[in-house]
Structures are given as C-alpha cells and as structure tokens.
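Only the coordinates and a few stated rules stand behind these numbers; no lab work does. Predicted, not measured: the structure shown is a model, and the values here were computed from it. Cβ: placed from backbone, ideal geometry, glycine included. Neighbour counts: every protein chain shown.
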C-alpha cells in the first residue's frame, strides 16, 4: 500500500484574493517507512498533513491511498476511510479528562462499532506497545506530558490504520521525552508496517525518518535522510 499526493494545490481566502498554501505538491510514501515533512512555521506543512488526512479537500490534485482517490469521496465515505484507515496524532493530546488511558482507546473502538471484548485485548496490547501498561487506569492529569502523548499514539492505532499522520508530536516535550517519542514512532512504523508522515519544524527529527521532504511557501523538495 502507498500514499501518493499527486500535484496537490490548496488555497485559502485572503481578502479579495486567495493565498496559496500548497502549490502543485507531489509526495509518495510506502508502508514500513517514515517520511518527515519539515519547514518553518507557515510553510504549508500542516496543510499538507490535513489534506493527507482528508480533513481538507484540495482545490486540485489527487490523494491516492492504495490507488483510491480520497479527494473524490463523499462525506460519509471520507469519514469511514478516516475512521478505518487513517490514524492522526495532533500536537495536543486532546485526551478526555474523565477517562483512563485504557478507556481513551476503548471509546474509539466503541464509536467504530467494534466488538468490545476484542477491543479490550487490543487496547491493552497497544498500551503495552507504547510502554504504558502500568498506567492503564490513570487519567490524563495523572500522566506526564510524554505519557499523554504515548496514549494519543496508541489511540490513533486502535482501529489498525495503514496510514499514521503525526503533527509536531514533541512540541510540548523536553528533548529527552521528545527523542523517546520519535524512537517509539520509528519502532511502531516498522513493527506495524505503517505509512507514517511526521510534520516537524525540528531538524533533529530527520534522523528518525526514511525520507525527508522540505516545504517552503507551499512548494516541496526532496532531501536525503540523515
């Protein structure tokens, strides 16, 4: 399976004109690989991730996941693909304050109509995979920033997606915890055969990636991974 962003153009209203966020951008990523999207603030990298996540429909171009153009799906089909095939990790963990770490994952399975007995086992396996089995019954205020981000990563994998999209996962963490999160994402990408796209402004994250794309003023260029 591959993700192929094919000549994506995205614009936003800007007074009487339109601002170009993405300018004929093309990018391809395969399973088992991590692609880092780097660039300064306002360069278009988060817009690129939102297009890949089907959260924004581009003005033109194709978003191909295993050959299927997601940009052409209706709202219901898009929601189903996002629920079943795409995992998203935002900058903020967005955890529900009243739920334990385990329940954060189970609610995703419940919303997707999954068998809850199987979901219990999968949720515990995922918490173990991200090193949080001992914290399964803790609520967000009882977890560190790095632990909350690990819960978010586990939650994004609950419905067994093929595509994992990660937006600045270490922005609120110190360097030590940030490195641990990047190492975890690298490990999960390989072990679970994911297509992982990571948006970051930190060039120190390049070493974790198989491929690196730099975006500036809505245009991309391929860089060699470090």
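Using the average count of surrounding beta-carbon atoms within 10 Å as a protection proxy, the listed peptides 15-21, 152-158 rank, highest first, as 152-158, 15-21.
The angle between the Cα long axis of helix 75-85 and the main principal axis of the chain comes to about 60°, on a 0 to 90 degree scale.
Of all DSSP beta bridges confined to the stretch 2-223, the antiparallel ones make up roughly 55%. Between the Cα long axis of helix 145-156 and the first principal axis of the chain there is an angle of about 80°, rounded to the nearest 10. Residues in the stretch 194-226, backbone N under 17 Å from the label point at residue 60 (7 Å along the Cα-to-beta-carbon vector): list them, ranges by number please. Output list for this probe position: 218-220. For helix 175-191, what angle does its Cα long axis make with the longest principal axis of the chain, in degrees from 0 to 90 and rounded to 10? Orientation of helix 175-191: about 90 degrees from the principal axis. Dividing the convex hull volume of the alpha carbon atoms of the stretch 80-149 by its residue count gives 95 Å³ per residue. Length gained on full extension, residue 190 to residue 203: 2.6 nm, using 0.36 nm per residue less the C-alpha separation.
Residue exposure proxy: 83, 221, ordered by other Cβ atoms within 10 angstrom of their Cβ from fewest to most, comes out as 221, 83. Over the chain, the Kirkwood radius and the radius of gyration, each from Cα atoms, give a ratio Rg/Rh of 0.97. Calculated mean residue ellipticity, 222 nm, the chain: -10000 deg cm²/dmol, from DSSP H runs (n ≥ 4) at -39500 (n - 2.57) each, averaged per residue and rounded to 500.
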